[in-house]
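Student: Pasting in a structure now, in structure tokens, and then I'll have a few things to ask.
The values are calculated or read from the model by the stated rules, or taken from the named source; none is laboratory data. These numbers come from a predicted model, not from an experiment. Reconstructed Cβ throughout: ideal geometry from the backbone, glycine too, with neighbour counts over all protein chains shown.
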Amino acid sequence: MTTEKKALVKVDGLYKYFGSNRVLRGISAEIDKGEVVVVIGPSGSGKSTFLRCLNLLEEPTYGEVWLEDKLVTPVDPYLHADVIELSKTYQKLFAQHKSAHPGASDESIKEELIKKIKVEDLLHEKHEGKAYKSLMKKIYDENYININLARQKIGMVFQQFNLFENLTVIDNITLAPMKLLKMSKEDATKKANELLERIGLLDKADAYPVQLSGGQKQRIAIVRALAMDPDVLLFDEPTSALDPEMVGEVLDVMKELAKSGMTMVVVTHEMGFAKEVASRVIFIDEGVIMEENTPEEFFSNPQNPRLRDFLSKVLI
Amino acid sequence: MKEWFADLTQQFELNFITGDRWTWLLEGFKMTLVITFFATLLGIAIGVVIATVRSSYDKNKESMKKKGGFGYRILSFFNGLCGLYLTVIRGTPVVVQLLIMYFIIFASSTNSTMVAVISFGINSGAYVAEIFRGGIMSVDKGQFEAGRSLGFNYIQTMRYIVIPQMFKIVLPMLCNEFIVLIKETSIAGYVGIRDLTKAGDLIRGRTFSAFMPLIAVALIYLAVVIIFTKLVKRLERRLRNSDH
Ligand SMILES: Nc1ncnc2c1ncn2[C@@H]1O[C@H](COP(=O)(O)OP(=O)(O)O)[C@@H](O)[C@H]1O
Ligand SMILES: [Mg+2]
């Protein structure tokens with residue numbers, strides 16, 4: 001269950017359906033440490049959904065998301081062969097098969113049963129003894145990362161900023177490090193102040209979100225995510241809700257971040273940003289990756305006709 | 001005119017001064033406030049639990065259902081229990097609930113005040129639960145998602161982010177629930193409690209004049225309700241105007 005070359009984030013065969021609406025239809029991608037991946041595509045093509053599947057704000061219908069060598073998506077550990085073998089259901093079926101087909105080898109029966117048994121068959125048998133439970137836990141710990149832990153390492157910046165309205169700027173930034181990383185108040189405040197200094201908003205430390213402009217809110221939202229020292233930052237159209245005169249200040253922070261080596265996945269319509277700092281640009285349309293390339297190739301030599309069409313509309 | 005006034009004074013003396021009967025009203029009023037206050041607290045406690053169970057069920061049922069197992073069964077069991085509670089409480093009269101509590105469930109208890117607090121608290125809880133549920137839903141979904149995206153679990157996100165914001169909306173409504181309960185507890189006399197209403201009625205029984213004691217009781221309720229309503233309005237305005 002381990003990958004050979006360890007990408008920081010690996011997405012494998014991601015599908016997401018909302019009812020009968022097939023929003024993502026098989027997306028696979030790898031994001032290496034230090035990369036800045038820009039995702040573009042028409043509105044409604046599934047960009048936000050893709051991003052939100054990476055930290056499981058949306059639960060994928062099928063597919064896997066890996067953070068380094070640990071699986072983020074919930075694939076039921078009950079489906080693991082070693083666990084199935086321990087279940088009463090399996091043992092009962094095994095005995096039945098054995099008496100029905102005395103000639104068959106244990107191995108072949110086992111192979112057939114494991115393919116056949118579904119997780120539903122095991123559900124009502126979930127509390128079977130210590131050995132079963134400890135094996136489950138072992139399998140889980142070896143292969144999975146708890147979603148809340150994973151999210152500590154995957155920061156997210158939203159289009160609508162989503163600063164905590166009930167908290168001051170400084171509390172917005174220090175809350176998670178204090179409660180989740182058990183940082184002391186002094187350390188967390190010190191770090192928050194350094195980050196605020198870096199974006200030139202130290203004087204707003206005690207302000208409430210309602211007292212800030214959109215650009216200021218978004219820069220603070222970025223800092224709030226950074227305070228957790230994430231391995232990767234996800235941006236969902238971070239400048240789309242801003243007045244035009246504030247777009248620059250947010251993009252400047254993001255560019256600085258990118259140059260400092262932060263791993264970033266950015267959904268945006270800012271083609272200038274993509275050209276300047278992206279290491280790779282991905283074009284998503286109708287829930288699939290239609291094209292993927294270095295920014296130079298991507299913009300100067302687009303292959304897919306839909307991408308050419310899209311670019312001709314946005315690059316006037 | 002003069003006669004009428006003299007009669008009124010005499011009636012007043014008879015009903016309130018003689019035998020210090022005004023202290024009955026005072027004691028009754030205190031009882032009303034005590035029952036209302038503790039019933040409100042109990043109602044809030046119950047309401048929080050119910051609202052938490054019901055909204056976490058709504059929020060998590062899809063993902064938990066798929067995994068199945070113990071957690072889901074427990075949560076859906078409690079969710080069903082809460083639904084039953086809401087239906088029963090909202091579908092039966094408060095007096096009947098009180099009588100059942102007093103004569104059946106707590107038949108062996110001699111502490112009727114406590115029985116009344118529990119009964120009104122349980123009743124109030126059903127309405128408070130809806131207040132909280134409305135409050136939770138009124139907080140922008142983005143606040144919740146931002147909390148989860150930082151790595152807070154469901155309960156932490158509710159505790160640090162959603163509930164504090166919800167309170168601003170919910171606090172005035174809880175005060176209104178208190179005001180409603182002040183009036184609703186006037187049936188406590190059914191189980192032998194000397195609340196404000198019962199005190200007025202006792203005076204009436206002693207003096208054989210209904211006008212004075214009952215109008216006095218009505219005026220006291222009215223005054224308290226008007227004063228509390230004013231205070232809530234002011235609180236509401238303060239919360240609305242504050243930046244945070
Ligand atoms: N929570 C949801 N429930 C149902 N449909 C959704 C939900 N979120 C997104 N969709 C649908 O998924 C499609 C893609 O949406 P989205 O990922 O937001 O696209 P983009 O970000 O590229 O504009 C749209 O058709 C949208 O209506
Ligand atoms: Mg979007």
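Student: Is one or more of the residues making up region A:228-249 away from ligand 2 (no atom under 16 Å from the Cβ), surrounded by 15 or more Cβ atoms within 10 Å (Cβ to Cβ), within 14 Å of chain B (Cβ to nearest Cβ) and more than 17 Å from A:Val36 (Cα to Cα)?
Tutor: yes
Student: Got a sec? Which of A:Lys217, A:Lys275, A:Lys259, A:Lys255 is of a type in the set (Lys, Arg) and within 14 Å of chain B (Cβ to nearest Cβ)?
Tutor: Working: A:Lys275 fails: within 14 Å of chain B (Cβ to nearest Cβ); A:Lys259 fails: within 14 Å of chain B (Cβ to nearest Cβ); A:Lys255 fails: within 14 Å of chain B (Cβ to nearest Cβ).
On inspection, the qualifying residue turns out to be A:Lys217.
Student: For region A:236-312, give me every one of the helices (runs of 4 or more DSSP H) that falls completely inside it and has 2 or more residues that are among the aromatic types (Phe, Trp, Tyr). Spell out how you get there, then give the answer.
Tutor: Working: elements: A:244-259, A:271-277, A:295-300.
Counting at least 2 such residues, we get A:295-300.
Student: Okay, moving on. Taking the conditions exactly as written (surrounded by fewer than 20 Cβ atoms within 10 Å (Cβ to Cβ), under 16 Å from B:Ala51 (Cα atoms) and among the hydroxyl-bearing types (Ser, Thr, Tyr)), does B:Ser108 satisfy them or not? Let's see the steps before the verdict.
Tutor: Details: surrounded by fewer than 20 Cβ atoms within 10 Å (Cβ to Cβ): yes; under 16 Å from B:Ala51 (Cα atoms): no; among the hydroxyl-bearing types (Ser, Thr, Tyr): yes.
Here the answer is no, as B:Ser108 does not meet what is asked.
Student: So B:Ile74 clears everything in (1) aliphatic (A, V, I, L, M); (2) more than 14 Å from chain A (Cβ to nearest Cβ); (3) outside any loop (DSSP other than H, G, I, E, B); (4) over 30 Å from A:Asp236 (Cβ atoms) except one condition, right? Which one?
Tutor: Every listed condition holds for B:Ile74 apart from (2).
Student: Another one. B:Arg237: without any contact (Cβ under 8 Å) to a residue 24 or more places away in the chain, under 30 Å from B:Ile136 (Cα atoms) and part of a helix (DSSP H, G or I), yes or no? Let's see the steps before the verdict.
Tutor: Numbers: without any contact (Cβ under 8 Å) to a residue 24 or more places away in the chain: yes; under 30 Å from B:Ile136 (Cα atoms): yes; part of a helix (DSSP H, G or I): yes.
Criteria met by B:Arg237.
Student: Give the residue that is farthest from the chain's Cα centre (by Cα), with candidates limited to residues of region B:123-160 that are among the aliphatic types (A, V, I, L, M) and surrounded by fewer than 18 Cβ atoms within 10 Å (Cβ to Cβ). Quick ask: steps written out before the conclusion?
Tutor: Let us first name the residues in region B:123-160 that are among the aliphatic types (A, V, I, L, M), namely B:126, B:128-129, B:131, B:136-137, B:139, B:146, B:150, B:155, B:158.
Keeping just the survivors that are surrounded by fewer than 18 Cβ atoms within 10 Å (Cβ to Cβ) gives B:137, B:155.
Values: B:Met137: 21, B:Ile155: 26 Å.
It comes out as B:Ile155.
Student: Quick one: is A:Thr61 under 14 Å from the mean Cα position of the chain (by Cα) and either over 27 Å from B:Thr157 (Cβ atoms) or of a type outside the set (Gly, Ala, Ser) (or both)? First the steps, then the outcome.
Tutor: On the way: under 14 Å from the mean Cα position of the chain (by Cα): no; either over 27 Å from B:Thr157 (Cβ atoms) or of a type outside the set (Gly, Ala, Ser) (or both): yes.
Considered against the rule, which asks whether it is under 14 Å from the mean Cα position of the chain (by Cα) and either over 27 Å from B:Thr157 (Cβ atoms) or of a type outside the set (Gly, Ala, Ser) (or both), A:Thr61 comes out as no.
Student: Give the residue, chosen from A:Leu226, A:Leu212, that is touching a Gly at 6+ places or on another chain (Cβ under 8 Å) and in contact (Cβ under 8 Å) with a residue 40 or more places away in the chain. Quick ask: steps written out before the conclusion?
Tutor: Numbers: A:Leu212 fails: touching a Gly at 6+ places or on another chain (Cβ under 8 Å).
A:Leu226 is the lone residue from the list that is touching a Gly at 6+ places or on another chain (Cβ under 8 Å) and in contact (Cβ under 8 Å) with a residue 40 or more places away in the chain.
Student: Which residue is farthest from ligand 2 (Cβ to nearest atom), if the candidates are limited to region A:35-44 and must be over 15 Å from A:Met254 (Cβ atoms) and surrounded by fewer than 22 Cβ atoms within 10 Å (Cβ to Cβ)?
Tutor: Among them, the one singled out is A:Pro42.
Student: Test B:Glu177 against the stated conditions and say whether it is among the acidic types (Asp, Glu), more than 14 Å from chain A (Cβ to nearest Cβ) and touching a Phe, Trp or Tyr at 6+ places or on another chain (Cβ under 7 Å). Talk me through it step by step, then tell me what you get.
Tutor: On the way: among the acidic types (Asp, Glu): yes; more than 14 Å from chain A (Cβ to nearest Cβ): yes; touching a Phe, Trp or Tyr at 6+ places or on another chain (Cβ under 7 Å): yes.
For B:Glu177, the condition - among the acidic types (Asp, Glu), more than 14 Å from chain A (Cβ to nearest Cβ) and touching a Phe, Trp or Tyr at 6+ places or on another chain (Cβ under 7 Å) - is met.
Student: Right, here's the next one. How many residues does region A:172-209 hold that are under 18 Å from B:Pro164 (Cβ atoms) and assigned to a loop (DSSP other than H, G, I, E, B)? Even if it seems obvious, please write down each step before you answer.
Tutor: Kept after step one, since they are under 18 Å from B:Pro164 (Cβ atoms), are these residues of region A:172-209: A:172-176, A:178-180, A:206-209.
Restricting the remaining residues to those that are assigned to a loop (DSSP other than H, G, I, E, B) gives A:206-208.
Within region A:172-209, residues that are under 18 Å from B:Pro164 (Cβ atoms) and assigned to a loop (DSSP other than H, G, I, E, B) number 3.
Per-residue answers, yes or no, for (1) buried (at least 18 other Cβ atoms within 10 Å of the Cβ); (2) assigned to a loop (DSSP other than H, G, I, E, B); (3) modelled with pLDDT under 85; (4) of a type in the set (Ser, Thr, Tyr):
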{"position": "A:Pro60", "(1), (2), (3), (4)": "yes, yes, no, no"}
{"position": "A:Tyr78", "(1), (2), (3), (4)": "yes, no, yes, yes"}
{"position": "A:Glu85", "(1), (2), (3), (4)": "no, no, yes, no"}
{"position": "A:Phe94", "(1), (2), (3), (4)": "no, no, no, no"}
{"position": "A:Lys110", "(1), (2), (3), (4)": "no, no, yes, no"}
{"position": "A:Leu122", "(1), (2), (3), (4)": "yes, no, yes, no"}
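Student: Within region A:139-165, restricting attention to residues that are touching a Leu at 6+ places or on another chain (Cβ under 9 Å) and more than 26 Å from A:Leu257 (Cα to Cα), which residue is nearest to ligand 2 (Cβ to nearest atom)?
Tutor: A:Ile145
Student: Next question, about the same structure. Name every residue in region A:162-197 that is crowded, with 16+ Cβ neighbours inside 10 Å and away from chain B (no Cβ under 11 Å), in order of residue number.
Tutor: Taking region A:162-197 first, the residues crowded, with 16+ Cβ neighbours inside 10 Å are A:162-180, A:183, A:188-189, A:191-192, A:195-196.
Scanning region A:162-197 gives A:Val169, A:Ile170, A:Thr174, A:Met183, A:Ala188, A:Thr189, A:Lys191, A:Ala192, A:Leu195, A:Leu196.
Student: A follow-up question, please. Would you confirm whether or not region A:70-93 contains a residue that is of a type outside the set (Ser, Thr, Tyr), away from ligand 2 (no atom under 16 Å from the Cβ) and in contact with a Cys (Cβ under 8 Å, 6 or more places away or on another chain)? Break it down into steps so the answer makes sense when it comes.
Tutor: Start the filter on region A:70-93 by keeping residues that are of a type outside the set (Ser, Thr, Tyr), which leaves A:70-72, A:74-77, A:79-86, A:88, A:91-93.
Filter once more, keeping what is away from ligand 2 (no atom under 16 Å from the Cβ): A:70-72, A:74-77, A:79-86, A:88, A:91-93.
Right, trim to in contact with a Cys (Cβ under 8 Å, 6 or more places away or on another chain) and you get none.
No: zero hits.
Student: If you go through region A:42-58 one residue at a time, do you hit one that is more than 16 Å from ligand 1 (Cβ to nearest atom), in a loop (DSSP other than H, G, I, E, B) and closer than 24 Å to B:Arg148 by Cα?
Tutor: As a first pass, look at region A:42-58 and keep what is more than 16 Å from ligand 1 (Cβ to nearest atom): none.
There is no residue in region A:42-58 that is more than 16 Å from ligand 1 (Cβ to nearest atom), in a loop (DSSP other than H, G, I, E, B) and closer than 24 Å to B:Arg148 by Cα.
Student: With the condition kept exactly as written, say whether any residue in region B:214-222 is out of contact with any strand residue (DSSP E or B) (no Cβ under 6 Å at 6 or more places or on another chain), buried (at least 21 other Cβ atoms within 10 Å of the Cβ) and at pLDDT 90 or above. Give the steps one after another, and end with the answer.
Tutor: Step one: filter region B:214-222 for residues out of contact with any strand residue (DSSP E or B) (no Cβ under 6 Å at 6 or more places or on another chain), giving B:214-222.
Among the residues that remain, those that are also buried (at least 21 other Cβ atoms within 10 Å of the Cβ) are: B:217.
With at pLDDT 90 or above added as a condition, the list becomes B:217.
The answer is yes, given that some residue of region B:214-222 is out of contact with any strand residue (DSSP E or B) (no Cβ under 6 Å at 6 or more places or on another chain), buried (at least 21 other Cβ atoms within 10 Å of the Cβ) and at pLDDT 90 or above.
Student: Of all residues in region A:1-24, which are more than 9 Å from ligand 1 (Cβ to nearest atom), exposed (fewer than 14 other Cβ atoms within 10 Å of the Cβ) and more than 22 Å from A:Asp69 (Cβ to Cβ)?
Tutor: A:Ser20
Student: Test each condition in (1) buried (at least 20 other Cβ atoms within 10 Å of the Cβ); (2) at negative phi; (3) within 12 Å of chain B (Cβ to nearest Cβ) for A:Leu212 and report the one that comes out false.
Tutor: (1)
Student: Would you call A:Leu57 among the hydrophobic types (A, V, I, L, M, F, W, C), within 14 Å of chain B (Cβ to nearest Cβ), within 14 Å of ligand 2 (Cβ to nearest atom) and in contact with a Leu (Cβ under 7 Å, 6 or more places away or on another chain)?
Tutor: Values: among the hydrophobic types (A, V, I, L, M, F, W, C): yes; within 14 Å of chain B (Cβ to nearest Cβ): yes; within 14 Å of ligand 2 (Cβ to nearest atom): yes; in contact with a Leu (Cβ under 7 Å, 6 or more places away or on another chain): no.
Against the criterion (among the hydrophobic types (A, V, I, L, M, F, W, C), within 14 Å of chain B (Cβ to nearest Cβ), within 14 Å of ligand 2 (Cβ to nearest atom) and in contact with a Leu (Cβ under 7 Å, 6 or more places away or on another chain)), A:Leu57 does not qualify.
Student: Run A:Ile147 past the list (1) surrounded by 15 or more Cβ atoms within 10 Å (Cβ to Cβ); (2) within 11 Å of chain B (Cβ to nearest Cβ); (3) at pLDDT 95 or above; (4) more than 26 Å from B:Phe167 (Cβ to Cβ) and report the number of the one that doesn't hold.
Tutor: (3)
Student: Look through region B:163-174, keep the residues that are within 10 Å of another protein chain (Cβ to nearest Cβ) and without any contact (Cβ under 8 Å) to a residue 60 or more places away in the chain, and return whichever of them is surrounded by the most Cβ atoms within 10 Å (Cβ to Cβ).
Tutor: Initially, region B:163-174 is screened for residues within 10 Å of another protein chain (Cβ to nearest Cβ), giving B:163-168.
Pick out the ones that are also without any contact (Cβ under 8 Å) to a residue 60 or more places away in the chain and you get B:163-167.
Values: B:Ile163: 19, B:Pro164: 16, B:Gln165: 20, B:Met166: 23, B:Phe167: 14.
Only one residue fits best here, namely B:Met166.
Student: To continue, here is another question. For residues that are free of Cβ contacts under 8 Å to residues at least 12 places away in the same chain and among the aliphatic types (A, V, I, L, M), scanning just region B:138-162, find the one that is farthest from the other protein chains (Cβ to nearest Cβ).
Tutor: B:Ile155
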